[in-house]
Amino acid sequence: MRVRNVSIVGHSSVGKTTLTEALLLRTGARERLGRVEEGTTASDHTEAEKRRGISITTSVLRAEWKDTTLNLLDTPGSADFVREIRGAIRAADASLVLVSAVSGVEVGTERVWATADGFNMPRIVAITRMDRERADFFTVLADVQASLRGPSAAAYLPVGAESDFRGVVELLGRRAYLNETGLQESAPVPEDMTALVEEYRAKLVESIVETDDELTERYLADEHIDDEMLHEAYLRAVHAGLLYPVIPVSAATLVGVECLLDLMVNGLRSPEERGPVTGVDGQKREPVPTAPTSARVWRTTMDPFVGKIAYVRVWSGVIRPGDLLRDTTAGTDVRPAHLYVLSGKDLVEVPELPAGTIGAITKINDVHTGDTLSDPARPIDFGPLQLPEPVMTVAIHAASRSDEDKLGTAMARLLEEDPTLRFERNADTGELTLSGMGDTHLEIAVEKLGLLGVNVTSTTPRIAYRETVRATAEAQGKHKKQSGGHGQYGDCWLRLSPSSEDFEFASEVVGGVVPTKYIPSIEKGALEARARGVLAGYPVQNVKVVVFGGSYHDVDSSDIAFKTAAGLAFRAAMEKARPALLEPVVTLRVRVPGQYTGDVIGDLQTRRARVQGMEPEGTVITITALTPLAEVQKYSADLRSMTGGRGAYSLKPAGYQEVPGPLTEKIVAQRRAELAAG
Ligand SMILES: Nc1nc2c(ncn2[C@@H]2O[C@H](COP(=O)(O)OP(=O)(O)OP(=O)(O)O)[C@@H](O)[C@H]2O)c(=O)[nH]1
Ligand SMILES: [Mg+2]
């Protein structure tokens with residue numbers, strides 16, 4: 001069985017879905033070229049995708065070309081959907097990386113390239129949109145070779161460019177393939193290109209020779225290398241990921257598409273050629289039907305009709321309906337009922353899923369994204385998918401009581417499907433928050449809740465401010481109620497001072513002015529009081545509390561009286577200790593193409609950020625800045641509009657800093673109004 005499992009990856013909107021559509025049309029899997037703008041592509045089949053004109057999930061599209069089955073995994077481009085991208089790259093055997101002939105290498109290109117490196121993926125680079133104005137194959141080729149690590153070399157050159165892009169020249173064979181009549185026809189190399197072809201063919205030959213010791217020797221000894229030898233070495237190198245061939249295409253005019261199909265079938269490795277896969281414990285599984293069964297679940301989704309669908313890549317053995325499989329990640333057993341191969345939204349039932357296939361299984365509810373399924377007699381675990389930390393958070397508010405009751409279950413379903421979402425109650429603000437990879441990601445999650453019958457709204461989360469003291473101050477707290485009968489009496493003096501610890505408590509009471517047995521109650525009182533600072537009722541941190549005086553009453557003093565007295569003393573002392581408001585700060589790392597540096601830094605300065613460093617890398621630059629969290633809660637959308645979707649960022653908590661005076665007044669006033677309004 002000849003199969004090629006290929007993930008189609010690249011920056012947002014570079015043209016992955018459109019090229020997939022072109023590949024399907026050229027192979028006859030589709031009769032008409034669907035268009036993203038019209039919502040008629042095979043890949044972007046969900047309502048959310050059609051409405052937004054972007055891919056949100058990875059679709060598997062199936063096609064046949066020259067006796068080979070192609071499983072094309074069309075991935076989303078946006079970093080919001082990193083789980084879909086990484087899962088697909090790992091489930092396939094090679095990657096087709098798209099780079100725009102107009103805008104070149106972008107942040108999204110770099111990201112998928114690094115992921116493909118992480119999984120040692122052989123790859124082809126397609127420079128697409130060659131029919132667009134300002135398309136420039138040679139500049140972008142140089143950009144690819146300068147910015148993306150590894151051995152990329154042009155294997156094809158374009159004939160014409162922009163609206164005149166009408167074919168490609170295959171360099172090794174010195175043959176042109178022109179699409180002047182729609183379908184591709186082979187032709188001699190145009191005369192005006194012969195010098196250019198020889199120049200780039202020589203570069204390609206050099207790249208091929210470098211991958212093969214015997215050829216290197218012949219080359220250095222100036223011995224003749226015949227075309228067949230060269231071609232075999234070329235295919236071996238592409239198979240093994242020692243050479244990344246670059247080809248120009250246009251998904252809109254289909255020029256170069258047939259050559260790309262040939263390159264995928266002849267150049268990329270099959271599941272068998274990929275060789276054994278290794279489990280976390282070092283066990284290996286041969287990619288053959290006779291080996292013990294093993295598979296990985298690379299994505300799961302909830303289908304309104306068939307329920308949960310688990311997308312699997314079968315690494316070894318064969319899965320048949322009713323087989324008993326061990327989910328080694330969850331430690332449970334599953335028995336798949338129905339098996340399918342996929343093409344867009346269509347599930348085609350099949351009698352088995354042998355090693356090397358990408359398919360789907362239903363009726364296995366306890367299985368999650370990233371799980372390994374294997375023969376219970378020979379269990380193996382391939383380990384979880386490494387996923388980045390969320391970068392954006394919203395507060396979630398249920399629309400009604402009944403929505404609130406349903407929220408937990410519905411959210412659990414979302415989290416099961418998508419491990420890059422995080423749902424929690426913020427310990428400081430008490431808000432329910434949902435974190436994810438970006439604003440689009442979170443919007444879609446809220447939409448999905450709606451589809452599950454739970455109406456919620458999302459808002460910018462409250463900031464968990466803190467308070468502290470900047471000076472040392474002392475105060476007395478006296479709690480005295482003695483109006484006949486058993487009274488209450490507690491009296492203590494507290495000193496508050498700044499501390500590098502979160503909270504410190506000590507006693508400097510001498511002479512028993514406050515009996516030792518009440519000291520813990522004083523500490524408790526101080527601890528309780530620090531939960532609501534005097535400025536705006538936020539928790540107090542970095543404070544040292546010392547009890548150094550007081551008095552007691554033999555009968556009326558009690559733990560509760562001293563706890564109350566301590567609370568009074570704490571607040572009174574804090575008022576005098578130059579209280580300050582603290583805000584959470586984050587380390588923000590922004591990656592953008594160099595030309596946006598000025599805009600991004602200018603914008604960061606309006607967000608009270610402190611730039612800490614800039615690291616150029618090829619055409620992209622990483623800016624690191626310490627930034628108040630309050631200023632970057634909606635950064636995902638802002639960065640997208642500043643850079644036309646060409647930037648990415650991550651953020652990590654980095655402690656607290658003092659809020660500037662005027663802003664403190666504003667926040668305190670707002671908070672006091674809220675507290676007053678209850
Ligand atoms: N002229 C021209 N337009 C193209 C080409 N490829 C894609 N486009 C257009 O570019 C836009 C984005 O194309 P998509 O195929 O959705 O891009 P994508 O990479 O799948 O986008 P995401 O899935 O959102 O990352 C659409 O308007 C396409 O019509 C091409 O080769 N030539
Ligand atoms: Mg797409």
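The values are calculated or read from the model by the stated rules, or taken from the named source; none is laboratory data. Owing to the predicted nature of the structure, the values given are computational and were not obtained by experimental measurement. Note: ideal-geometry Cβ built from the backbone for every residue, glycine included; neighbour counts use all protein chains shown. SASA here: full protein model, heavy atoms, side chains in, ligands and nucleic acids out. Shrake-Rupley method; radii C 1.70, N 1.55, O 1.52, S 1.80 Å.
A few notes on this one:
- A simple spin-label model places pseudo-atoms 7 Å from Cα toward Cβ; at Asp554 and Asn120 they are separated by 8.4 nm.
- A Förster radius of 30 Å combined with the Cβ-Cβ distance from Ala637 to Ala676 puts the calculated FRET efficiency at roughly 0.35.
- For peptides 97-106, 23-32, 609-618, sequence by mean Cβ density within 10 Å, most packed first: 97-106, 23-32, 609-618
- The separation of the range 229-263 from the range 605-677, counted between C-alpha centres, amounts to 44 Å.
- Carbon + sulfur, % of accessible area of the range 46-184 - ligands and nucleic acids excluded, 1.4 Å: 47 percent
- Ordered from longest to shortest, the equivalent ellipsoid semi-axes for the chain are 61, 29, 23 Å, each the square root of 5 times a Cα gyration tensor eigenvalue.
- Per residue, the chain exposes 43 Å² of accessible surface when a 1.4 Å probe is rolled over the protein heavy atoms with every protein chain present.
- Positive-pole candidate from Ser558, Val513, Ser499, dipole of the range 471-577, charges at beta carbon: Ser558
- Which of Asp403, Asp213, Asp117 is most accessible, then next, and so on - probe 1.4 Å: Asp213, Asp117, Asp403
- Given charges at beta-carbon only (K, R positive; D, E negative), |dipole| of the range 392-457 in Debye: 140 debye
- Mean residue ellipticity, 222 nm, helices only, the chain: the sum of -39500 (n - 2.57) across DSSP H runs of n ≥ 4, divided by residue count and rounded to 500, is -9000 deg cm²/dmol.
- Residues whose placed amide H lies under 5 Å from that of Ser13, excluding near-sequence neighbours: Gly77
- Local net charge near Glu47, Cβ-Cβ under 13 Å (Lys/Arg +1, Asp/Glu -1): +2
- All other residues whose Cβ lies under 12 angstrom from that of Val6 are scored, Lys and Arg at +1 and Asp and Glu at -1, for a net of +3.
- Most positive-pole-ward Cα, Ile127, Gln541, Val277, against dipole of the chain from beta carbon charges: Gln541
- Potential lengthening between Lys481 and Ser186 on full extension [0.36 nm per residue; Cα-Cα distance subtracted]: 96.0 nm
- Sulfur and carbon atoms: percent of accessible area, the range 582-663 [1.4 Å]: 54 percent
- In a simple Cβ point-charge model (Lys, Arg +1; Asp, Glu -1; nothing else charged), the chain has a dipole of about 3020 debye relative to its Cα centre.
- Carbon/sulfur fraction of accessible area - the range 392-457, other protein chains in place, 1.4 Å, %: 50 percent
- With all pairs of different C-alpha atoms in the average, the Kirkwood value for the hydrodynamic radius of the range 392-457 is 11.7 Å.
- In a reduced charge model with +1 at each Lys and Arg Cβ and -1 at each Asp and Glu Cβ, the range 167-234 shows a dipole moment near 340 debye about its Cα centre.
- Once the C-beta distance of Asp502 and Thr624 is scaled by a Förster radius of 25 Å, the resulting FRET efficiency is 0.40 to the nearest 0.05.
- Converting the Cα gyration tensor eigenvalues of the range 332-476 into ellipsoid dimensions via √(5λ) gives semi-axes, longest first, of 41, 20, 14 Å.
- Using a Förster distance of 51 Å, the FRET efficiency for Val348-Leu196 (Cβ separation, nearest 0.05): 0.65
- The range 174-215 pair-distance distribution - Cα-Cα, 5 Å bins, rounded %: 5, 20, 18, 17, 15, 13, 7, 3, 1
- Peptides ranked, highest mean first, by Cβ atoms within 10 Å: ranges 565-572, 250-257: 565-572, 250-257
- Distance between the C-alpha centres of the range 518-549 and the range 375-405: 37 Å, rounded to the whole angstrom.
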